[in-house]
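The block underneath contains the structure these notes are about, expressed in structure tokens.
No lab work stands behind these numbers, since they all come straight from the coordinates. The shown structure was predicted, so the numbers you read here are calculated from the model rather than taken from an experiment. Glycine also receives a Cβ, built like all others from the backbone with ideal geometry; neighbour counts cover every protein chain displayed.
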Amino acid sequence: DIRGIIFDLDGVLVNTDRYHYQAWKQIADKLGVYFDETVNNRLRGVSRMDSLEIILENYTGKKLNPEQKARMAEGKNRLYRGFLENMTPAAVSAENRRVLEVLREKGYRLALGSSSKNAGFILNKVELMRYFDAVSDGNHISRSKPDPEVFLKAAEYLKLPARQCAVVEDACAGIDAALAGGMTAVGIGDAAGYEKADYTLECLEELLQV
Ligand code: B16
Ligand code: MG
């Protein structure tokens, strides 16, 4: 049975996915690279540098060196952090906050499992930190989703075996990561239509019905 629930952050608990989109869109426009929501969906759960590589698949200009790529990724992060600065606890719906509260009351151990290096900053901004027994994020891993590393770390921090953990994800890469880690995979948002997910949700509140 499931004793721990690992939540993805971006696209599950907060809608920072639209900030990622807006920030990358500005970088892509400057490069003259085609970028839309379909490309953006492939960036879900993927690290910053890997996201840049996906965006550059459509780039036809002069070859970029690693320093130039690093500068672009930093530029994107500066824009993204600008959006994050304005976030408040209102960015999390009352329903989602209640879901975390009730799951804790029910005795589940909760962890965050996010590819983002900004996860801690966001959790503090929106005042979600106190709900989590553990945080595993982009600062703790060397391989991003679909590799299971971020979730395996979360399970380890929760002191639970992987098979007793469920992962809630909006990214197909995140569902693949959860399954590769031997966990139950729950899809929501963009991943709700993903056939590999063990369960799918229309909203987080459905978690309380199981
Ligand atoms: P950062 P998640 C992921 O967060 C995002 O979905 C993905 O689009 C982003 O590139 C990645 O974090 C890295 O974010 O640039 O802030 O380190 O969905 O795993 O919570
Ligand atoms: Mg996500």
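Approximating the spin labels as points 7 Å out from Cα along Cα→Cβ, the Ala90-to-Arg71 distance works out to 3.8 nm. Where in region 78-111 does the label zone of Asp198 land, with the point 7 angstrom along Cα→C-beta and an amide N cut-off under 11 Å? Backbone N within reach: none found. Rounded, prolate or oblate: pick one for region 166-210, where a ≥ b ≥ c are the square roots of the eigenvalues of its C-alpha gyration tensor, a/c under 1.5 means rounded, and failing that, prolate if a/b is larger than b/c, else oblate. Note, shape of region 166-210 comes out oblate.
Computed on the Cα trace of region 1-123, the radius of gyration divided by the Kirkwood hydrodynamic radius gives Rg/Rh = 1.05. Net length available on complete extension from Glu206 to Asp1 is 72.0 nm, with 0.36 nm assigned per residue and the Cα-Cα distance removed. Once you list every other residue whose beta carbon is under 14 Å from the beta carbon of Tyr157, what net charge do they have if Lys and Arg are +1 and Asp and Glu are -1? Computed value for this residue: 0.
Within region 112-179, the trypsin sites (Lys or Arg not before Pro) that combine a DSSP coil assignment with at most 12 other C-beta atoms in a 10 angstrom radius are Lys159.
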